[in-house]
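Notes follow the structure.
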Amino acid sequence: MATYLHVAPALALAVVIGPQRVPWPWWLVGALVAVAPDADMLLVRWHIDVYGGTYGHRGFTHSLGMAALLACAAWLVARARPKQRARSGWIAAYISLCLLSHPLLDGVINRGICSAWLWPLHGERLCLPWRPVPMAGVPLFGAERLGRELLWLGTPLLCVSALGWGLRRLIMAGCPAEPKRRETERHPRHRHP
């Protein structure tokens, strides 16, 4: 499990997408959603399920099903707000990707159990075929853990967000800006018959 950087993909994705599509308050929601799947440890602690069970660690909270549920909830909330209605699809996709970043980061680390990606269809644990981040034998907390996460996860995310931000800026520079309407068009005068 990535201890320190689970919030990083949500922030990197927000930088790439930009505030025009996903307003900044949703960035905070996305950051919380990216960290929240590890709250499943409470279910283990409270003896609701065992560590490797469907409702245990890396179970249903680390799944495509949970990402879809949260995307639907975000879409409904955004649709209920007039200023966000037009961006509700972007917001829902952003929240879904923020949640999915969590099991993806867990999946590339070469320690720990696999995630129940396909819940609710089934609770089988599926591992990614490539787990390149060397964390076996590294303590869960501490400077060594932070250093490896910054090197193996933080550096690529920083590069991707910088590249995405630059591409977004280039694309926006190439698109003509919406022409400003004259003041009379925005507030037409009332004519009396």
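Helix 155-174 axis versus longest C-alpha principal axis of the chain: approximately 20°, rounded to the nearest ten. Here is the short version for the chain: C72, C98, C159, C175 have no other Cys C-beta closer than 4.7 Å.
Around the amide H of S115, modelled in the peptide plane, lie the amide H atoms of L126, all under 5 Å away and 5 or more residues distant in sequence or on another chain.
Working value for the chain: equivalent-ellipsoid semi-axes of 40, 22, 12 Å, each the square root of 5 times a Cα gyration tensor eigenvalue, largest first.
Expected output is a single nm value to one decimal: the length gained when fully extending between L69 and L28, i.e. 0.36 nm times separation in residues minus the C-alpha distance. What is it? Contour length minus the Cα-Cα distance gives 12.9 nm. Residue exposure proxy: R58, R87, R111, ordered by other Cβ atoms within 10 angstrom of their Cβ from fewest to most, comes out as R111, R87, R58. Each stretch of four or more DSSP H residues adds -39500 (n - 2.57); spread over every residue of the chain, this sum gives -15000 deg cm²/dmol at 222 nm. Tell me, what is the FRET efficiency for L118 and A80 to the nearest 0.05, using R0 = 35 angstrom and their Cβ-Cβ distance as r? E between L118 and A80, to the nearest 0.05, is 0.70.
Bear in mind that the values in this text are calculations on the coordinates, not laboratory data. On a predicted model such as this, the values are computed, not experimentally measured, just so you know. When we count neighbours, we look across all protein chains shown, and the Cβ atoms used for this are built from the backbone with ideal geometry, even at glycine.
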